[in-house]
Amino acid sequence: MNKKGKKLVISEWGVGGGTPEGKKIAANVTDVAAQPFFGTWYPYTLEKDPWVRPEYSAYRRKLYKATSDWLKGRGGPNLRVDGLYAWNAGSWDALGVNPNSAGSWVDPSLQAMVREHNAYVNSD
């Protein structure tokens, strides 16, 4: 891939903090980390918001920071990554991109981190 000039863009990246049926918060932060593809869905309720739990929110922030750092280096030494699209629906929408989740699962510190990251990678 790198030798042929093709770009690798990761899509549907994120962490949801939920369970398979999309109605409950994960039992613990280990489940949040192990199963990022499970989240909670609309309509938003406080009972379906995993990010009100401090340890879950801390994990999500740590994941975003680690991913940003990794992407600033364009991925790993053997595989170049040219972009990433975060999944922004339901409890995965840390950025408030989806109009249905505005003000609910949003984390302003992650919005700021992504703005800073994008400014950095677009300054090349």
query = Are any of the residues in segment 53-71 surrounded by 11 or more Cβ atoms within 10 Å (Cβ to Cβ), free of Cβ contacts under 8 Å to residues at least 40 places away in the same chain and among the aromatic types (F, W, Y)?
reply = yes
remark   = Sole miss for Y44 among (1) closer than 15 Å to V15 by Cα; (2) in a loop (DSSP other than H, G, I, E, B); (3) in contact (Cβ under 8 Å) with a residue 60 or more places away in the chain is condition (1)
request  = Give segment 67-124 a look and list any residue that's among the β-branched types (V, I, T) and over 16 Å from V52 (Cα atoms), or say none.
outcome  = T67, V81, V97, V114, V121
key: Residue that is nearest to R60 (Cα to Cα), among those in segment 79-108 that are among the small types (G, A, S) and surrounded by 14 or more Cβ atoms within 10 Å (Cβ to Cβ)   = A94
inquiry  = Looking at segment 12-23, I want the residues that are at pLDDT below 95 and have a partner that is in a strand (DSSP E or B) and exposed (fewer than 14 other Cβ atoms within 10 Å of the Cβ) with Cβ atoms under 9 Å, at least 6 apart or on another chain. Which pairs are those?
reply    = E12/Y85; W13/Y85
key: Selection status of P43, loosely packed, with under 15 Cβ neighbours inside 10 Å and touching a helix residue (DSSP H, G or I) at 6+ places or on another chain (Cβ under 9 Å)   = yes
request  = Kindly check whether there is at least one residue in segment 31-41 that is among the acidic types (D, E) and under 27 Å from V9 (Cβ atoms).
outcome  = no
ask   = Going by the conditions given, is L110 within 22 Å of Q35 (Cα to Cα), in contact with a Ser or Thr (Cβ under 9 Å, 6 or more places away or on another chain), touching a residue at least 40 places away in the same chain (Cβ under 8 Å) and not in a loop (DSSP other than H, G, I, E, B)?
value = no
message = Name the single residue that is nearest to N88 (Cα to Cα) among those in segment 3-34 being surrounded by 12 or more Cβ atoms within 10 Å (Cβ to Cβ) and charged (D, E, K, R).
response = E12
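The values are calculated or read from the model by the stated rules, or taken from the named source; none is laboratory data. Worth saying up front: this structure is predicted, and the values here are computed from it rather than measured. Cβ atoms come from the backbone with ideal geometry, glycine included; neighbour counts cover every protein chain shown.
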